[in-house]
Amino acid sequence: MVRFLIQRPIAVIMAFTACFILGLVTYFTIPVSLLPDIAIPEITVQVTGQNTSARELENTVIKPIRQQLMQVNRLRDIQSETRDGSGMIRLSFDFGTNTNLAFIEVNEKIDAAMSFLPRETERPRVVKASATNIPVFT
């Protein structure tokens, strides 16, 4: 094999040049990202209730919203946490779920649940999780 390469120096130079050019082209065209934008299949619903105890907020606001959100497609897990004056519902979805469609569906379910909530309750905030929201360095 070495004898073959020594007898054909032009072929070796051309093969080396082709590999070098191919390497340059791929180096400049392949996108490299240190932190790619990964869709995390998680949506958070934030509820606020001014001057409301945790128990009252849980019974009057969080429970009706949870009942509606349990009907969302491809829902894997639902967790809620209530404190005095605020509450949070975390929705985890199966991997591969289109989070944009799930976000729209969650908003529709919250709109449907607003009729069961007290009048003075503000509309809950719906937040999609994103890899760009996670700090790289703490």
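The values are calculated or read from the model by the stated rules, or taken from the named source; none is laboratory data. Here the structure is a predicted model, which is why all the values come from computation and not from measurement. Cβ coordinates were reconstructed from backbone atoms using ideal geometry, including for glycine residues, and neighbour counts include every protein chain displayed. The area values use the complete protein model at the heavy-atom level, side chains included, leaving out ligands, DNA and RNA. Shrake-Rupley method; radii C 1.70, N 1.55, O 1.52, S 1.80 Å.
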Could you run the Karplus curve 6.51 cos²θ - 1.76 cosθ + 1.60 with θ = phi - 60° over region 15-24 and give me ³J(HN,Hα) per residue in whole Hz, x for Gly and Pro?
-> 5, 5, 5, 4, 5, 5, 5, 4, x, 5
Rounded to a whole number, what % of the accessible area of the chain do carbon and sulfur atoms account for, probe 1.4 Å?
-> 60
Counting only residues 5 or more apart in sequence or on a different chain, those whose built amide H sits under 5 Å from that of Thr121 are none
Amide H of Ile40: which non-local residues (sequence gap of 5 or more, or other chain) have their own amide H closer than 5 Å, using H built in the peptide plane?
-> Ala131
For the chain, set up a Gaussian network in which alpha carbons nearer than 10 Å are linked by springs, and say which option among Ala102, Ala112, Ala18 fluctuates the most.
-> Ala18
Calculated SAXS-style log₁₀ I(q)/I(0) at q = 0.11, 0.24 Å⁻¹ - region 46-138, Debye, Cα scatterers | -0.33, -1.24
Picking from Pro118, Thr60, Val12, whose Cα lies most toward the positive end of the charge dipole for the chain (charges on Cβ: Lys, Arg +1; Asp, Glu -1)?
-> Val12
How large is the dipole of region 21-111 about the Cα centre if only Lys and Arg carry +1 and Asp and Glu carry -1, each at its Cβ, rounded to the nearest 20 debye?
-> 120
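Could you work out [θ]222 nm for the chain from helices alone, using -39500 (n - 2.57) per DSSP H run of at least four and dividing by all its residues? Round to the nearest 500 deg cm²/dmol.
Helix-only estimate at 222 nm: -11500 deg cm²/dmol.
Report the extension gain between Met14 and Met70 in nm, rounded to one decimal, defined as 0.36 nm multiplied by the number of residues separating them, less their alpha carbon distance. Walk me through the numbers before you get to the answer.
On the way: separation 56, 0.36 × 56 = 20.16 nm, distance 6.37 nm.
So the extension gain works out to 13.8 nm.
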Farthest toward the dipole's positive end in the chain, which of Gly23, Ala39, Asn73, given Cβ charges of +1 (Lys, Arg) and -1 (Asp, Glu) about the Cα centre?
-> Gly23
In vacuum, with every alpha carbon of region 29-98 counted as one equal point scatterer, what does the Debye formula give for log10 I(q)/I(0) at q = 0.12, 0.16, 0.24, 0.27 Å⁻¹? Two decimals, please.
-> -0.43, -0.63, -0.99, -1.13
For region 76-86, in order, what is each residue's ³J(HN,Hα) by Karplus, 6.51 cos²θ - 1.76 cosθ + 1.60 with θ = phi - 60°, in whole Hz (x at glycine and Pro)?
-> 9, 8, 9, 10, 10, 9, 10, 10, 5, x, 7
Under a 5 Å amide H to amide H cut-off, with H placed in plane at 1.01 Å, what residues pair with Ser80 once short-range neighbours are removed?
-> Arg90
How much area per residue is accessible in the chain when the probe is 1.4 Å and only protein heavy atoms are counted (Å²)?
-> 74
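Using Cα pairs closer than 8 Å and at least 6 residues apart in sequence, work out the relative contact order for the chain, in percent.
33
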